[in-house]
Amino acid sequence: MIPADAKTKSIQVPWITLGLILVSLLGSLLVALDPDSAPEFAFNPMSPTFATALASLFLHANVLHLLGNMVFLAAVGPKVEAVAGKIAYLCIYFVGGLAGVAAHWAVMRSIGAPTPLLGASGAIASCAGYCSVRFIGRRVPLAPNLTVTVGAVTLIWVFLQALGAFVRFGNYQGGTAYWTHLAGFFTGLLLSLLFRAPKQARVQFGHELLDKMGERGPGALLQASEKHLEQHPDDPRALRDKAAALHQMGDLTQEADVLARLLDFVPEGAQKQVLIDLGECGGLNLVSPIRRLRWAESFKDENPVLAQQLLRSLISDQSATVQRPDALLALAELVEEPDKAPLLHELEHNYAFHAATEAARSKGLIH
């Protein structure tokens, strides 16, 4: 049984974030090499086009503007990419960015200012909006010996942006596009609901609690995992922790029940280990006969021991009479003599006209 605190961490390269940064650097480099092209690609609220709205997300007014945005994107982008997924991340980035452009257009048209817009601020603010929901309870350092929640930092940031927007609203002279930031941010908030970030945040909080309870012992871990599963019954992490706690407490019967349930929620690549654990606690019979037969075929080369366990559980299972002939043949093909002979004998005498028996004859296993 894999312990509950045994975690395999793999480094995920944030390819989408790196790509966005690279395109922004290249776009800004082109503008730097040809400064006269900036007005052509900047978003002009008096003559708006979708092409300039999109292009403006990858262009910046100066080096400081570029570096500020890219540093911020490098900070929040990988987090969004990791927890939301690449498709959702792109949606958050571009929808938020275009919403920021739309806000700039609306404000500039209302005050009659032709101020152009350049920069990925709205798109990055959208990512920040998503993060503010997804990691709302996580504490971050604000000053030495002072940490606050992401939610509190978000409120401070929104207040400052709103203050800047209204202070400059009556006498706009360029500078920071506060309305772009706010529009992007609130778009990120809305998209966080669409992509179920609040639920993911609750699940993550539950996982952090499971980590703490796991340090206290199997009893505390069992209680915490059961409480978590009341709200998130399909969470594989909590199911695995519950099974680990039961294993440590010696309750193999309940452990088998949890592992059998876990099979329905773990990814395909993790099913093998769950089946191995299930075999160790004698619970393979809790898996449907059809699935056992399918997995035995799937693992016969990669893990022949597990395949044999699955097939033997089928042969001894009184409820698996339909799959028994196929299991006899499959097991006979995996084992060596003298174990092969009794399997083929039973197949020939008890299932003389079954398709599995015919297959054994065609393979020369039965003469």
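Read the figures in this text as sums done on the coordinates, not as results from a lab. Predicted model, so just to flag it, every value in this text is computed and none were measured. Counting neighbours? That spans all protein chains shown, and the Cβs are built from the backbone with ideal geometry, glycine included.
Per-structure values
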| item | result |
| --- | --- |
| Proxy reagent accessibility, fewest Cβ within 10 Å first, across Tyr178, Tyr93, Tyr130 | Tyr178, Tyr93, Tyr130 |
| Cα gyration tensor shape for segment 288-367, rounded if a/c is under 1.5, else prolate or oblate | oblate |
| In range of the label at Leu163: residues from segment 119-146 whose backbone nitrogen is under 19 Å from the point 7 Å along Cα→Cβ | 142-143 |
| Two-site FRET efficiency, Leu54 against Arg196, from Cβ-Cβ distance with R₀ of 35 Å, rounded to 0.05 | 0.80 |
| Cα centroid separation - segment 44-84 against segment 182-253, whole Å | 34 |
| Listed residue (Ser126, Ala238, Thr357) projecting farthest to the positive dipole end of the chain, Cβ model | Ser126 |
| Overall dimensions of the chain by Cα: Rg and Dmax, Å | 29.9, 97 |
| J(HN,Hα) series, segment 59-66, from Karplus relation 6.51 cos²θ - 1.76 cosθ + 1.60, nearest Hz, glycine and proline x | 10, 9, 6, 7, 5, 4, 4, 4 |
| Average Cα contact separation per residue, the chain, under 8 Å, 6 or more apart, as relative contact order % | 12 |
| Segment 108-152-segment 310-367 distance, computed between alpha-carbon centres (Å) | 65 |
| Helix 121-134 vs. the chain, principal-axis angle (Cα, 0 to 90°, nearest 10) | 40 |
| Selection from Pro338, Ala307, Gln318, by position along the positive dipole direction of segment 288-367 (Cβ) | Gln318 |
| Those GluC sites (Glu not before Pro) in segment 291-367 that DSSP places in a loop and that have at most 12 other beta carbons within 10 Å | Glu302, Glu336 |
| Table column - 3J(HN,Hα) (Hz), segment 70-77, Karplus curve with 6.51, -1.76, 1.60, x for Gly and Pro | 5, 5, 5, 5, 5, 7, 9, x |
| Nitroxide proxy distance, nm - points 7 Å out along Cα→Cβ at Ala82 and Ile315 | 4.8 |
| Percent RCO, i.e. relative contact order, over segment 288-367, from Cα pairs under 8 Å lying at least 6 residues apart | 22 |
| The chain - mean residue ellipticity at 222 nm from DSSP helices (-39,500 (n - 2.57) per run, n ≥ 4, rounded to 500) | -22000 deg cm²/dmol |
| Inter-probe distance in nm under a simple model that places probes 7 Å from Cα toward Cβ, at Leu286 and Asp339 | 2.5 |
| Placed amide H near Val148: partners under 5 Å, 5+ positions off or other chain | Val140, Leu142 |
| Among His228, Leu293, Leu278 - extreme Cα towards positive end, dipole of segment 218-365, charges at beta-carbon | Leu293 |
| Rounded to whole Hz, the Karplus (6.51, -1.76, 1.60) HN-Hα couplings of segment 303-318, x for glycine and proline | 8, x, 5, 5, 4, 5, 4, 4, 5, 5, 5, 5, 5, 8, 8, 5 |
| Student exercise, the chain dipole from Lys, Arg, Asp, Glu Cβ charges, in Debye to nearest 20 | 1380 |
